[in-house]
Each structure stands twice: as structure tokens, then as C-alpha cells.
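Undergrad: The following block contains the structure, expressed as C-alpha cells.
Values quoted throughout were computed directly from the atomic coordinates according to the rules given, and no laboratory measurement underlies them. If you're wondering where the values come from, they're calculated on a predicted model, not measured in any experiment. Neighbour counts run over all protein chains shown; Cβ positions are idealised from the backbone, glycine included.
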Amino acid sequence: MAGTDPRFATYVPHPAERLASVAVTVVEASGDDVPALAVMQARARGGTADEWADRIHRTRQGERTLVITAKVSGEPVGYANVAFLPAHPVDRAPAGYYLTGVTVDPVWRRRGIGKLLTRRRMDWVWERDPVVRCFVSARNRASLDLHRGLGFKRVAAGASFQGVEFTGGEGLLLRADAPRS
Ligand SMILES: CC(C)(COP(=O)(O)OP(=O)(O)OC[C@H]1O[C@@H](n2cnc3c(N)ncnc32)[C@H](O)[C@@H]1OP(=O)(O)O)[C@@H](O)C(=O)NCCC(=O)NCCS
């Protein structure tokens, strides 16, 4: 699609072949994980590893935040976090827990790792709040399918949510409600 951000995965809804699944562990990221995660993020999403290391350290130190990593044979192959954000004064995105930053190393994509990282964070939020939110560029179709497949529904469309502007000018605010017990 013209104008698609190269940082997004190429959209392939029905791959001709399925990759073998791998043994993955999902754990809270430790300080020791940060350098490898920073390199992975810089490679997959741009910016420098130093910038990412600062960002990941700051998120880990936040009060209502979670930083997790997916590992294969002890090596980080995926990264994701959660942050509690106040209501945004300009774009009016509501206060609450937001899933942010999910990235799977390109070599390890399409083996269910993004799904695992997202499911883990949804459960973490639901232990604290009945609503979990995220925002996604309208052009990031792989991410939209990932989140929709886990029960996220569109709440609004806009040029920015929580101050984040989107490739192509439009993003979607999504939410998923905790299952009723
Ligand atoms: C989005 C991303 C995290 C998905 O990670 P992943 O480990 O490849 O995803 P999974 O294997 O768990 O896929 C789960 C579902 O998401 C959807 N999906 C994932 N990648 C897709 C792709 N390239 N094309 C179409 N659908 C895709 C599919 O519905 C998939 O289910 P299926 O494999 O049964 O068809 C990964 O592509 C990535 O790191 N992208 C770059 C960073 C990014 O855009 N992050 C999201 C920011 S909001």
C-alpha cells in the first residue's frame, strides 16, 4: 500500500506456509535484558539503541507500568509494555492502562509471539482495571488484526491519541473489556 510505514510488518493475512512454533517464555524484562531489547527495537523501529535503552529504563521505573520480553533459548526476541496514562488534554484519549510498543524481531514473526505478549499484558491490566486500551495506525493492518483477534474493538479514529501521531494521519483507539466472571 502506498505510504505504508516500513516499520510495520508486511500485511499477509493468509500466508502460504505456516512457520513452526517455537518454545517461547514471556517474562518481565530485567535490567540485564535492556541492552539486547534496545538493539532489537532500534533495528525494528528506528532510532538508536542508546535512545531505546533510555526509554526502556524509564518505562521500567514508572509506577504503573509493565515491561515484558519474549525469549527463545534465553535470548530476547520480543518486547512490549503497558503504561497507565492520564486523560490527554488535547486529543482527549481517556485515562487508563495502554498497551504500547509491541515489537517482535522480524526473524521471529508470525509464530504467535506478538499474540503471547499481548495476551499477557491484557491479563496484567485486567487484574487492575476492567478496561485495557491501545492505539494503532490505521495503516498497520498486521497490528490491527493481532489486536482484533484478541477481542479489541474500535472506539474512535483520530489524528493522535495520547499525543502520538500516526503514519498516514489516522490512528484507531481500541479497547478490550475484561471477561465477566
Ligand atoms: C505486529 C507484530 C508485533 C506481530 O507480531 P507476531 O509475533 O508476528 O504476531 P503473531 O504471530 O502473534 O500473529 C497473531 C495474529 O496477528 C495477525 N498478524 C500478525 N502479523 C501479520 C501480518 N504480517 N499480516 C497479517 N496479519 C498478521 C494475524 O491475525 C496473526 O494470526 P495468524 O498468524 O493466526 O494469522 C509484529 O509484526 C511487529 O513487531 N511489527 C512491527 C512493530 C509494530 O507494528 N508493532 C505494533 C505497534 S501498534
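Undergrad: Note down the nm distance, to one decimal, between modelled labels 7 Å out along Cα→Cβ at V26 and at R110.
TA: 2.1 nm
Undergrad: Would you mind putting 148-158, 134-144 in packing order, based on average other-beta-carbon counts within 10 Å, highest first?
TA: Going by the mean number of other Cβ atoms within 10 Å, highest first, we get 134-144, 148-158.
Undergrad: Determine the sum of side-chain charges near H14: Lys and Arg each +1, Asp and Glu each -1, restricted to other residues whose C-beta is under 14 angstrom from that of H14.
TA: Numbers: positive: R18, R110, R141; negative: E17, D145.
After counting each charged neighbour, the total is +1.
Undergrad: Report the local net charge at V67: Lys and Arg +1, Asp and Glu -1, summed over other residues whose C-beta lies under 14 Å from its C-beta.
TA: +2
Undergrad: Taking 7 Å along the Cα-to-C-beta vector as the label spot, tell me the Y11-D129 distance in nanometres, rounded to one decimal.
TA: 2.9 nm
Undergrad: Tally the DSSP beta bridges in segment 1-141 and give the antiparallel ones as a percent, rounded to 5.
TA: Details: 19 of 21 bridges.
Here the antiparallel bridges make up roughly 90 percent for segment 1-141.
Undergrad: Kindly provide the GluC sites (Glu not before Pro) of segment 16-82 that DSSP labels as loop, not H, G, I, E or B, and whose Cβ sees at most 11 other Cβ atoms within 10 Å.
TA: The qualifying sites are E17, E63.
Undergrad: Taking K and R as +1 and D and E as -1, what net charge do the other residues with C-beta under 14 Å from the C-beta of L117 add up to?
TA: Its environment carries a net charge of +4.
Undergrad: Between A156 and residues 5 or more places away or on another chain, which pairs have amide H atoms under 5 Å apart, with H built 1.01 Å from N, and which residues are they?
TA: Close amide H contacts, sequence-distant or interchain: L173.
Undergrad: Would you pull out the residues with amide H under 5 Å of D5's amide H, same chain only if 5 or more places away, H placed 1.01 Å from N?
TA: Placed amide hydrogens put nothing under 5 Å from D5.
Undergrad: How much FRET efficiency would the formula 1/(1 + (r/R0)^6) give for D54 and S181, where r is the Cβ-Cβ distance and R0 is 30 Å, rounded to 0.05?
TA: Plugging the Cβ-Cβ distance into 1/(1 + (r/R0)^6) gives 0.15.
Undergrad: Which one, H88, T59, G151, is farthest towards the positive end of the dipole of segment 13-155 when Lys and Arg carry +1 and Asp and Glu -1 on their Cβ?
TA: G151
Undergrad: Given the C-alpha centroids of segment 10-83 and segment 108-158, what is the distance between them in whole angstrom?
TA: Comparing the Cα centres of segment 10-83 and segment 108-158, I get a distance of 15 Å.
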